[in-house]
Amino acid sequence: MVEKLKSLLSRFYILIIILFLYSPIAVLIILSFNDSRSRVVWGGFTIRWYAALLHNSQIRVALGTTFLLAFLSAFISLVIGTAAALGIASMKKRSHKLMMMITNIPMLNADIVTGIALMLWIIQFMPLGFGSVLIAHITFNIPYVILAVMPKVKTMNISIYNAGRDLGAGPLRAFFELMLPQLSGGMISGFFMAFTMSMDDFVITYFTKGAGVNTLSTMIYGEIKKGIKPEIYALSTMIFVLVLVILMIMNNMPAKEKRKGEEERGNVYD
Amino acid sequence: MGDTILELKNISKSFDGKKILDDLCLNIEKNEFVTLLGPSGCGKSTLLRIIGGFVKPDHGQVYFEGGDITSLPPERRQVHTVFQKYSLFPHMNVADNVAFGLKLKKKSRDYIAEKVRYAMRLVNMEGYEERMTTSLSGGQQQRIAIARAIVNEPKMLLLDEPLGALDLKLRHEMQRELMRIKQEVGITFVYVTHDQEEALTMSDRIVVMNQGIIQQMGTSKSIYDEPQNAFVADFIGDSNIINGIMIRDRLVMIHGVEVECVDEGFDPNEAVDVVIRPEDLVIGKKDSGFTNGIVTNLIYKGAYYDISVAAGDYEWSVQSNVPAAVNSEVGLFIDPENIQIMKKPRSSDEEVIDKLG
């Protein structure tokens, strides 16, 4: 009886999730293929909004900016965040705790506060533009990289470094060839997390971008004020699919490592 | 003796104000199998790390083939280490692990392939070249770690408790393997362990350490048969260590009984420590041995019985093939050759050891 109720409730829950979360996205995707400007009339299947999207130079530029920004900020915060994780891990317990708390603050902080604060700060040194958005994105991306890399740093085997030195590798070589690969899992997921965070961001970008620079999210926001065009459906669909793909890649990686871990455990007994 | 390959001169090292090694001197000969033996914290691992180049001594010099290598980084020493936790590179397969050192030296592809094949055969791991190291068992990983070090043809191999993580049977098997490998490659082995049986089995020479000081050096036999102080006697095998008085040469008084022995050169009536190994004591009829006692405990150990015999306020530990009834009164016999007389500790260092013992 209880079991039946449980399964009934869990099905109900899934139904609600689908209804409220995914059906709007499904509607959006369907509309992006609708050969009609109306939101309620199905005018047949078309891909002309996607074609229009490619011909819209404003969107093309914004798309380019978004990817460049996401890639650069993810890459730079990967370098800084990995170095930071290594540094923090080797700190004494108290400073370690303090640093991790400081790391967590930007993630919990309201975006609008971070956005305004960064704008006020950056404006003291340079005019707002692509550079300022990049700096802002790197700033909020670093904590995500640290959080992704830190567990790997903690399980890193230091004697492997010594073994490398022993076999003739210099300190730098031993670090880059033997230690860094141990962090690769965390670094890759940290990179993708930062990449999606950067692509996803609207508020902080909006405050730090200045005139003339647009990412997809700020551009769409501007467009919506003039009325929603079907191209935006197509664009949103593309972003959704892209994020979905990245998410699937990220979710698949830890699964692989888990399997490897099980192999190790299995071998203790032979 | 052969040539000295490594010379440690007056090595001292402290960590956080605690003295780990104290003015230690040690020479190691070419092709020797030397074991540093001692309880955990005695400084043996630190000494090995100083030889490997991972720790710098506070004082003292390390000479390798006559040259001072005290401040040479590990990658430039002709010494390789097999670490306790294997430390194989997890993101490389077995062959790449073994080839790592040779690739750094930019050897030709053919040379590396040939050397790797030889090393894999040496450690009986042929056919595992393509496996990932994480899929190997502990014993297999240790074999690869040895192959990875030996393939570079070091002049000396340091082994830091390499068999510590293995079960007893595998450990015995690997001990034989190590001795075979040592014979085949003919290089100097410096082996660190806290397992006295391991040390006695494999070594040409054992260096017993405690409190950062060398307590005794010598062959397995000399260390076991003639311990020079109470610490060594107690650490290597089980012992009965009793207070005695040397009446004159070849005669010692134990518990008020004069017993014949073979030691000479002590002052008349000098207080001494008397060491008797449990397996050297023989249980016989009451009143026929050098002392009488009551059997208080009997434990079957498989190959022998572990018997406790109380005589006066001392409890003798005896190992015997025949059991004795608990609570029966028996006599204890000892062959004069099996009594080892040691001077009482006098220096402060020895006193430290005495307190521990």
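Each reported figure results from applying straightforward, stated rules to the coordinates on display, with no laboratory input. Since we're looking at a predicted model, the values are computed, not measured. With ideal geometry, Cβ positions are generated from the backbone for all residues, glycine too; neighbour counts draw on all protein chains shown.
What the table below lists for this structure:
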quantity	calculated
Total formal charge among the other residues, if their Cβ is under 15 angstrom from that of A:Thr215, Lys/Arg +1 and Asp/Glu -1	-2
For segment B:282-333, radius of gyration divided by Kirkwood radius, i.e. Rg to Rh on alpha-carbons	0.93
Average partner coverage of B:96-106, which counts Cβ from other chains inside 10 Å	3
Cα Rg, Dmax (largest Cα-Cα span) when computed across the protein assembly as shown, Å	36.4, 121
Taking chain A and dividing mean pair separation by its residue count, relative contact order in percent (alpha carbons under 8 Å, at least six apart)	28
Globularity ratio of chain B, using Cα Rg and 2.2 N^0.38 Å	1.18
Projected label distance in nm at B:Ser328 and B:Arg176, using a 7 Å step from Cα toward the beta-carbon	3.8
Antiparallel bridges, percent of DSSP beta bridges restricted to chain B (to nearest 5)	75
Segment B:208-309: trypsin sites (Lys or Arg not before Pro) falling in loop per DSSP and having at most 16 other Cβ within 10 Å	B:Arg250, B:Lys285, B:Lys286, B:Lys301
Excluding exposed DSSP-loop chymotrypsin sites (Phe, Trp or Tyr not before Pro) (at most 12 other C-beta within 10 Å), longest clean stretch of chain A	A:126-270
Packing rank of B:290-299, B:255-264, where each peptide gets the mean count of other beta carbons within 10 Å, highest leading	B:290-299, B:255-264
Neighbouring partner chain Cβ atoms per residue of B:79-90, average, 10 Å criterion	5
10 Å Cβ neighbours from other chains, averaged over peptide B:125-134	1
Computed over chain B: relative contact order in percent, which uses C-alpha pairs under 8 Å that are six or more apart	15
Kyte-Doolittle mean at least 1.6, axial Cα span of 18 Å or more - DSSP H helices of chain A	A:57-89
Distance violations [Cα-Cα > 18 Å] among B:Lys105/B:Lys155; B:Lys107/B:Lys182; B:Lys30/B:Lys155; B:Lys155/B:Lys221	B:Lys107/B:Lys182; B:Lys155/B:Lys221
Placed amide H near B:Thr291: partners under 5 Å, 5+ positions off or other chain	B:Leu332
Mean ellipticity per residue at 222 nm, deg cm²/dmol - from DSSP H runs of n ≥ 4 across the protein assembly as shown, formula -39500 (n - 2.57)	-15500 deg cm²/dmol
Summed residue charge, Cβ within 13 Å of B:Ile294's Cβ, Lys/Arg positive, Asp/Glu negative	-2
Part-to-part distance (alpha-carbon centres) for segment B:166-202 and segment A:142-163, which is given in Å	34
Computed Rg/Rh of chain A, alpha carbon atoms with Kirkwood Rh	1.06
Loop-located trypsin sites (Lys or Arg not before Pro) in segment A:1-64 whose Cβ has at most 12 other Cβ within 10 Å (DSSP)	A:Arg37, A:Arg39
